[in-house]
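Here the structure is laid out as structure tokens; the discussion comes afterwards.
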Amino acid sequence: MPRRDRAFVFGTLAPAIIVLVFIFIYPLGRSISYSFTNYNLINRTNEFVGVANYGQLFHDPDFYTALVNTLALGICPVIGGFVIGFAQALVLNEIKWGRGILRGLALLPWVVPQIVVAYLFRFIYNPSVGVSNVLLRDLGVIHQFQPWLAHPSTAPTAVVLAYIWNEAPFFMLMLLAGLQGIPTDVIEASVVDGATWLQRMRYIIIPSLRRIIGISTILMVIWNFNIIWPLTEGGPVNWTLTFSVWVYRQAFQDFDLGYAATIGVLWLLLLMLVTAIYIRIISGRETAV
Amino acid sequence: MRRAASSIVFAGVLGVVLMAGGGSAIAAGACTGSHQEISFANWAAAETATAKEVANAIAAFEKASPCITVNSIAIPFAETVSQLTVMTVGNNTPDVMELSSGMPQALAAEGALADLHEDAASMTNDIQPPILQDGESQGRLVALPLSLTPHGFWFNKSLMKAAGLDPNRPSQTVDELTHDMATIKAKLPKVYPFAMMTAKGAYAVVNMWPWMQTFCKTPPMSNDHLGWTQPCTEQAFTWFQMMAKKGWMPVGNNMKANRELFATDQVAFTIDGPYMRGIVATINPKYAPNAAFADAFGAAKVPVGPSGGSRTAIDIHQIAMGAHSAHAAAAWTFMKFMVSSPQDMQDFIIPEGGLPPLISLQKQFSAQLDQPYQQVWIKDIIPEARPIPYNANWYHASDFMVNALQKVVDGGNVKSALNDLETELKHLYPHDQP
């Protein structure tokens, strides 16, 4: 590449690289370095402690609670959202008239900011005037109003349902785009050959959507931790405590930045590991197909 | 011709500019010394209900002290400690801060607050000793009371009457309260006889604390002991559990939700500050007139429990000075005005629903504080208020306390919840000395 072109390429890339360094690389580096210190704003300590924070983390019962909850509250909404979103996409793909309007309406929950979703569901679950209580009582499912977000048996499910409502449209949008990309002659040929709906799904549609499914599910697993804090603050007790809630509590309530950074770094490593395994599985299957 | 017109316009503009400059020169003329600007971080300016009142108080101060300008920094209440901590770390602590009970101890541990012993010497005798103690940390006086808002016992007269109870005789003891709650639930099944915060959040501990003081002569975290496994604590938590199990109180509610229920006649008894009067009027305008409110609601001291006396927790608004304020003298002048000036009481403290922090001001304003609930606060509640044993790690510790409360109201074993709490706190306070 001529020197002038190279200068142009670097010149155009430089702003993005500078922004990336300041908002991603630098904070990441600082977080990793904090994880080896006892940096605490209340005690005003900031000394190198080696891997002591990591040792403490593995002995902390909250770590295992957060790990299980993070996995459960990360995976369950994605499965639920995917199933509903896929169903919506299949229906919308078949509809010829008014598809644009229906797709716009179905997308509404996705465009609502997550903080608004959290407050909306707090109202829906309200133990005194919540719509969920009124509806279930009128249907005869419950006899008295329930504090859905206050009981350990119901709070995690309530959180998952809020996520599903918010995330399903994203899956719908991605999968609908994928469905519309499948050549119609392939589908028509399979119909002519006598393939059933299930066979078409298994041998044509799902394999064609595999890459989209892979990317959208992994994105959702990474993104979906913003509703819990305004909805339950990790409670009741620690039944909805996830890594993100725990990091926030440690950093901004207890001001233990060293320990918060340790949790954050470990969470990042876990996400990278899960993503790598998932992508490997997906790409492996793709090769097999 | 055009040139002449331009000259006239220019002269006009110049005149206006000079007049404006002259105006500010006149205003500044009242200041004979050097002019100083101090910063005042407060949540009153961040809340619609009090923004105007605090602005009025600041304007009155600036009029009285023309050499000092107050730069009001609005911080939402829930973010006060975190934002002030970040500001302190960045060597940008405000000159003056509005705080709430518990915050001074956390911020003092960070080295954010100045010792006020010398400055406040002239007024400490005019403050009830437990109220003064609430602003102390490690032997230093780091905050002064700004507005007295300890928790008292609120009752709904209309609901009591509907349940066949005497609306003018609120429960005097915990046993009576338990009996009254049973009566209300039996007669009015849709009403919650009682409400306390059991949602996640440090304020749940504040709301629970009057009962810890009512059940225990030496409440937990006092006298250098954790004290969560003592029999009185178990008794209090068993009582909480009983109320939750019988449906006598809503479970998982925060203060806002409980206040809404109380204001709409769905809760009979609760524990809250004197500002409840304003909150009720805002939520339910039919109770805005004083007479309507006094007909429907009453306040009393917290029922007497096994500890032998009526006790309540001091949960007040305070004012503190930044440890490294570059304008300490000006900051103190402002603080003194906020704490001791009748003008501030009239403009800010009384309209926001609090009570004057100085005993002399409480007497001076007794004619204005003539509502029955205000009299109860001055005569019965403030004298019985005792500080919550706050310390630097309190916010971290309160998370464990709320966990224990939530386990219990959800039906968990009381003994094991309190044992777990004691164990968790031992990690936080290794020497068993909170």
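Computed from the coordinates by the stated procedures, all read-outs in this text should not be read as laboratory data. Note that the structure is a prediction, hence the values are computed from the model and not measured. We place every Cβ from the backbone using ideal geometry, glycine too, and count neighbours over all the protein chains shown.
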- Task: Step through the residues of the range A:200-205 one at a time and calculate ³J(HN,Hα) from phi using the Karplus curve (6.51 cos²θ - 1.76 cosθ + 1.60, θ = phi - 60°), rounding each to whole Hz and writing x for Gly and Pro.
- Result: 4, 4, 6, 9, 10, 5
- Other-chain or far-sequence residues with amide H under 5 Å of B:LEU141's (modelled H): B:LEU116, B:HIS117
- Taking chain B as the reference, fit the longest principal axis to its C-alpha atoms, fit the long axis of helix B:203-215 to the helix C-alpha atoms, and give the angle between the two in degrees, 0 to 90, nearest 10. 50 degrees
- Query: So, with +1 on the Cβ of K and R and -1 on the Cβ of D and E, and no other charges, what is the size of the charge dipole of the protein assembly as shown about its Cα centre, to the nearest 20 debye?
  - Reply: 2040 debye
- Message: Explain nothing, just the number: dipole magnitude of chain A about its Cα centre with +1 on each Lys and Arg Cβ and -1 on each Asp and Glu Cβ, in debye rounded to the nearest 20.
- Response: 660 debye
- How much of the calculated P(r) for the range B:330-434 lies past 19 Å, in percent of all Cα pairs? 63 percent
- Message: Quick check: the distance between the Cα centres of the range A:41-65 and the range A:225-246, to the nearest angstrom?
- Response: 20 Å
- Name the residue, out of A:ASP138, A:ASP62, A:ASP256, whose mean-square fluctuation peaks in a Gaussian network model built on chain A with Cα pairs under 10 Å. A:ASP138
- Item | Structure-based [θ]222 nm, chain A - -39500 (n - 2.57) summed over DSSP H runs of at least 4, per residue, nearest 500 | -23000 deg cm²/dmol
- So what is the diffusion coefficient of the range A:195-259 in µm² per second by Stokes-Einstein at 37 °C and 0.692 mPa s, using a Kirkwood Rh over Cα pairs? 222 µm²/s
- Listed pairs B:LYS286/B:LYS336; B:LYS256/B:LYS426; B:LYS200/B:LYS363; B:LYS246/B:LYS301; B:LYS63/B:LYS379; B:LYS52/B:LYS161 exceeding 29 Å between Cα atoms: B:LYS286/B:LYS336; B:LYS256/B:LYS426; B:LYS200/B:LYS363; B:LYS63/B:LYS379; B:LYS52/B:LYS161
- Determine the percent antiparallel among the DSSP beta bridges restricted to the protein assembly as shown, to the nearest 5. 60 percent
- If each Cα of the range A:18-67 is one equal point scatterer, what is log10 of I(q)/I(0) from the Debye formula at q = 0.17, 0.22 Å⁻¹? -0.68, -0.89
- Task: Could you list the trypsin sites (Lys or Arg not before Pro) in the range B:147-217 that lie in coil according to DSSP, counting only those with at most 16 other Cβ atoms within 10 Å of their Cβ?
- Result: B:LYS190, B:LYS217
- Compute the Cα gyration tensor for the range B:217-375, then decide on rounded, prolate or oblate, letting a ≥ b ≥ c be the square roots of its eigenvalues: rounded whenever a/c is under 1.5, prolate when a/b is larger than b/c in the other cases, and oblate in all that remain. oblate
- Calculated from backbone phi, Karplus (6.51, -1.76, 1.60) coupling profile of the range B:99-114 in Hz, x at Gly/Pro: 10, 10, 2, x, 5, x, 5, 5, 6, 5, 5, 7, x, 8, 10, 7
- Helical mean residue ellipticity (222 nm; -39500 (n - 2.57) per DSSP H run of 4+; nearest 500) of chain B: -13500 deg cm²/dmol
- Query: Using alpha carbon centroids, what distance separates the range B:48-79 and the range A:88-125, in Å?
  - Reply: 45 Å
- chain B: mean projected area of Cα convex hull, nm²: 25.8 nm²
- Message: Loop only by DSSP, 14 or fewer other Cβ within 10 Å of the Cβ. Give me the trypsin sites (Lys or Arg not before Pro) in the range A:68-124 that pass, ordered by residue number.
- Response: A:LYS96
- Query: Which residue, B:GLU62, B:GLU352, B:GLU234, has the most motion in a Gaussian network model of chain B that connects Cα atoms within less than 10 Å?
  - Reply: B:GLU62
- Message: Tell me the relative contact order for chain A as a rounded percent, counting alpha carbon contacts under 8 Å between residues six or more apart.
- Response: 29 percent
- Message: For B:SER39, what residues show an amide H to amide H distance below 5 Å, using hydrogens built from the backbone and excluding near sequence neighbours?
- Response: B:ASN71, B:ASP95, B:VAL96
- Give the long-range amide H neighbours of B:THR173: residues separated by 5 or more places, or on another chain, with amide H under 5 Å away, using H modelled in the peptide plane at 1.01 Å from N. B:VAL304
- Note on the structure: Everything considered on the Cα gyration tensor (a ≥ b ≥ c; rounded for a/c under 1.5, else prolate if a/b is larger than b/c, else oblate), the range A:35-288 must be described as oblate
- Message: I need the peptides A:201-210, B:91-100 ranked by packing, meaning the mean over residues of other C-beta atoms within 10 angstrom, with the highest value on top.
- Response: B:91-100, A:201-210
- Note: the protein assembly as shown, point scatterers on Cα, Debye, no solvent; log10 I/I(0) at q = 0.08 Å⁻¹ equals -0.79
- Message: Whole-Hz ³J(HN,Hα) for each residue in the range A:61-67, computed from phi via Karplus 6.51 cos²θ - 1.76 cosθ + 1.60 with θ = phi - 60°, x for glycine and proline: what do you get?
- Response: x, 5, 4, 6, 4, 5, 5
- DSSP-defined antiparallel bridges as percent of all bridges, chain B, nearest 5: 55 percent
- Task: Name the residue farthest towards the positive end of the dipole of the range A:35-288 from the options A:ILE124, A:PHE170, A:THR240, assuming +1 on Cβ of Lys and Arg, -1 on Cβ of Asp and Glu, about the Cα centre.
- Result: A:PHE170
- Computed about the Cα centre, the charge dipole of the range A:109-224 from +1 Lys/Arg and -1 Asp/Glu charges at the Cβ has a magnitude in debye, to the nearest 20, of 260 debye
